[in-house]
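Have a look at the structure below before the remarks.
The values are calculated or read from the model by the stated rules, or taken from the named source; none is laboratory data. Just so you know, these numbers come straight off a predicted model, no measurement behind them. All Cβ positions, glycine included, derive from the backbone under ideal geometry; neighbour counts span all protein chains shown. For accessibility, only protein heavy atoms count, side chains too; no ligands or nucleic acids. Shrake-Rupley method; radii C 1.70, N 1.55, O 1.52, S 1.80 Å.
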Amino acid sequence: MKSNQIKETEQWYERSYQSLGLEAQRRYPNEEVLRFLGRNFFKVPFESRKKVRFLEVGCGSCSNLWGVAKEGFDAYGIDLSSESIVLGEGMLERWGVSADLKVGSMTEMPYHDAFFNSVLDVFSSYCLRESDFEKFLQETWRILKVGAKFFSYFPSKASDAFLNSSPSELLDPSTLNGIYRKDSPFAGNHYAFRFMHPEEYKNALGKHGFKVDYLETVSRTYRSMGEQFQHIVVEASKA
């Protein structure tokens with residue numbers, strides 16, 4: 001059953017995609033996803049790549065997933081928003097590729113155990129407050145094969161958006177009720193918005209049986225270098 005916070009996020013994204021269409025998101029793959037693919041999967045011969053299954057959670061309009069499919073991998077996507085899936089189909093068609101797309105929640109994923117070789121979380125699971133995030137990690141563990149890879153690109157608590165979050169309020173020690181400060185990056189995202197320290201993320205993954213293989217942060221500035229937003233970049237293996 002969806003929590004109230006997940007329902008709020010679903011409604012927010014439905015409105016966003018309906019009003020902005022493809023302009024609601026970037027159109028090209030996240031740079032850290034490309035680095036992850038390069039480190040771990042580009043050595044797979046192209047003729048064998050269709051045997052390698054990727055799932056992107058919170059796939060949105062498929063700005064990352066078309067790149068995965070274009071590289072010859074077997075691509076799957078799941079998103080709360082039915083409108084995003086419509087846009088994603090159009091994005092995939094534009095690039096001459098295909099993927100298996102579903103409407104659904106990342107806390108209750110409709111896939112068999114040990115089905116995927118990799119799960120990608122590109123700025124998506126951050127919308128889950130602590131209890132739902134734990135369910136997401138459990139589900140991710142379940143659907144990955146032994147030795148398979150999990151990638152996540154996730155907001156860091158070193159971000160000024162978290163350190164100077166007023167008038168936003170905390171839903172739990174790591175989750176804001178949205179970004180309400182008008183000059184903050186991602187202002188207007190009025191739904192659960194979670195941040196973690198890198199070590200917190202590492203510990204959460206370890207608790208669910210993952211081995212962390214790569215852990216870094218990447219930062220960019222906003223407002224003429226007046227504000228910093230930092231992301232955690234983590235990849236882990238199902239032991």
In Å, the Kirkwood estimate of hydrodynamic radius for region 145-209 over Cα pairs equals 13.0 Å
Region 95-115 scanned against label point 7 Å out from Q138 along Cα→C-beta; backbone N under 20 Å for 104-115
Between V103 and R35, the two model label points (7 Å from Cα along the beta-carbon direction) sit apart by a distance in nm of 3.6 nm
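Nearest 5 percent is fine: what portion of the DSSP beta bridges confined to the chain is antiparallel?
Around 55 percent antiparallel, to the nearest 5.
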Place a point 7 Å from the Cα of F46 in the direction of its beta carbon; the residues of region 93-124 whose amide N falls under 20 Å from it are 93-99
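Report the number of Lys pairs in region 1-126 whose alpha-carbons are under 17 Å apart, with separation of 8 or more residues or on distinct chains.
6
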Excluding near-sequence neighbours (fewer than 8 apart on one chain), region 128-221 holds lysine pairs with C-alpha atoms under 30 Å apart numbering 18
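So what is the 222 nm mean residue ellipticity for the chain from helices alone, if each DSSP H run of at least 4 adds -39500 (n - 2.57) and you divide by all residues, rounding to the nearest 500 deg cm²/dmol?
On the way: 7 runs with 74 residues, N = 239.
Only helices count here, giving -9500 deg cm²/dmol.
Where does the chain land on Rg/Rh, using Cα atoms and the Kirkwood Rh?
0.94
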Here the averaged projected area of region 96-208, based on the convex hull of its alpha-carbon atoms and given in nm², is 8.4 nm²
Given a 1.4 Å probe, the accessible area of the chain per residue, as a whole number of Å², is 45 Å²
